[in-house]
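No lab work stands behind these numbers, since they all come straight from the coordinates. Here the structure is a predicted model, which means the values were calculated and not measured. Note: ideal-geometry Cβ built from the backbone for every residue, glycine included; neighbour counts use all protein chains shown.
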Amino acid sequence: PNQNEKKKQWALTDFDLGRPLGKGKFGNVYLAREKESHYVVALKVLFKSQILDSEIEHQVRREVEIQCRLRHPNILRMYGYFHDEKRIYLILEYAKHGALYKLLKERGRFDEKTAAIYVRDLTKALIYCHTKKVIHRDVKPENLLIGHNFELKIADFGWSVHSPSSRRMTLCGTLDYLSPEMIEGKPHTYAVDIWSLGVLCYELLVGLPPFDAKDSHQTYRKIRYVIIKYPDFVSEKAKDLMGKLLVINPEQRLPLTHVLQHPWIIENAPEGVHPPICNTEQK
Ligand SMILES: CC(=O)NC[C@@H]1CCN(c2c(Cl)cnc3[nH]c(-c4cn(C)nc4C)nc23)C1
C-alpha cells in the first residue's frame, strides 16, 4: 500500500478473511485480502477483553507504535490498525513461508551458509532497530518469519521497548533466549538482543537452544554460567562468533556492526547472497 494508506480509516469490511495462520493467547492471526487492491496481508485480531484483563494494553500500544514506524526488509511491516467494540485489528505484512521455527523443525538444523545468512539478516534488522532506539527483547525462532524470497523477517514486537528499560515484565514463554541480566531483572539495554542473536545462531546450527535443559532451574544455571557444549560439526569460526556474543558482561558482547565483519559471516554469507530457494518450494 502507498504512503497515504495510513491516513485511511480501515475497517473489517475492507478485507476478505482467509484461513487462520496462527493462534495466540490474545487472539488469532488470519490470512486476509484487501478487497480493492487484492493485497494479501496477515490480520492479527486481539480481543479487548483479554487485553484489558491482562493489563497488557501498554504492550499492545507499544507494539503498534513501534512496528508502524520501522521500515526494513528484515522487519515484518505493520501497515495500520483499526478496532471495533470488541477487537483490535493489526494489519501486518504476510510472510509467505511462515515461521522459521517450523522450517528449523522440518530440517532439524541448517547448514552453515543458510544459518549465516539468517544471522546476517537478523543482525542488520537489529542494527536498524537499535538506531531507532528499539530493543526487540524477544528474538527467537517463533518470532522470525520467512518471506517469499526466503528472507528473514522479525515479527511480534509485543516485547520490544525503548531503551534503556528495566521494566519487570512477567516472563512468559521460554527462558532459553533470555540474557543473564534479563533473568536477574537488572536494567538491560540493546545488549540483550546481541545475547539472543548468539542463542539463535546456536539453535540454527544445532537444532536446539544452547541452554536447553530438563527444567527451568537447570536452564537458569546454564545461562548464568554460560555452560555451552558445541557438537563437533560446528566449525571453529562459528564457535568463535558465538563465544563473542554469549558473554555474561553486556558491555563485552561483540557489537552488532562487528558481527557483520566476522570471518564466519564474511565467508558463509557474503553480501548479495540470499537464502537458497529451498526444496519445499519445488515440492
Ligand atoms: C507461533 C506462530 O505460528 N507464529 C506465527 C504467527 C502466527 C501467524 N503469523 C504470521 C504473520 Cl504475523 C505474518 N505472516 C505469516 N505467514 C504465516 C504463515 C505462512 N505459512 C505458509 N504458514 C504460516 C503460519 N504466518 C504468519 C505470525
Of all C-alpha pairs within region 83-146, those more than 17 angstrom apart amount in percent to 56 percent
Within region 1-61, count lysine pairs with alpha carbon atoms under 24 angstrom apart where the residues are 8 or more positions apart or belong to different chains.
15
Please identify the DSSP H helices in the chain that span no less than 20 Å along the helix axis (Cα) and have a mean Kyte-Doolittle hydropathy of 1.0 or more.
191-206
Enumerate the calculated ³J(HN,Hα) couplings along region 39-44 in order (Karplus 6.51 cos²θ - 1.76 cosθ + 1.60, θ = phi - 60°), each rounded to whole Hz, writing x wherever the residue is Gly or Pro.
6, 8, 9, 10, 9, 8
Pairs of Cα atoms under 8 Å, at least six residues apart: use those to get the relative contact order of the chain, whole percent.
16 percent
Identify the GluC sites (Glu not before Pro) of region 50-113 meeting these criteria: DSSP loop state and at most 14 other C-beta atoms within 10 Å of the C-beta.
E55, E85
Run the Debye formula on the Cα coordinates of region 181-275, all scatterers equal and no solvent, and tell me log10 I(q)/I(0) at q = 0.13, 0.19, 0.22, 0.25 1/Å.
-0.47, -0.96, -1.22, -1.45
The base-10 log of I(q)/I(0) that the Debye equation returns for region 8-63 at q = 0.22 Å⁻¹, one scatterer per C-alpha, is -0.90
Show log10 I(q)/I(0) for region 19-165 at q = 0.11, 0.15, 0.18 Å⁻¹, two decimals, from a solvent-free Debye sum over equal Cα scatterers.
-0.43, -0.79, -1.12
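Based on the Cα atoms of the chain, what semi-axes does the equivalent ellipsoid have, where each is the square root of 5 times one gyration tensor eigenvalue, given in whole Å with the largest first? Don't skip to the end; give the middle numbers.
Details: eigenvalues 199, 103, 59 Å².
Ellipsoid semi-axes (Å, largest first): 32, 23, 17.
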Label-to-label distance, nm, for residues given as D84 and L12 (7 Å Cα→Cβ offset):
0.2 nm
What are the equivalent ellipsoid semi-axes of region 219-259, built from the alpha-carbon gyration tensor (square roots of five times its eigenvalues), in whole angstrom, biggest first?
18, 17, 5
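In debye to the nearest 20, how big a dipole does the chain give about its Cα centre with +1 on each Lys and Arg Cβ and -1 on each Asp and Glu Cβ?
It works out to roughly 320 debye.
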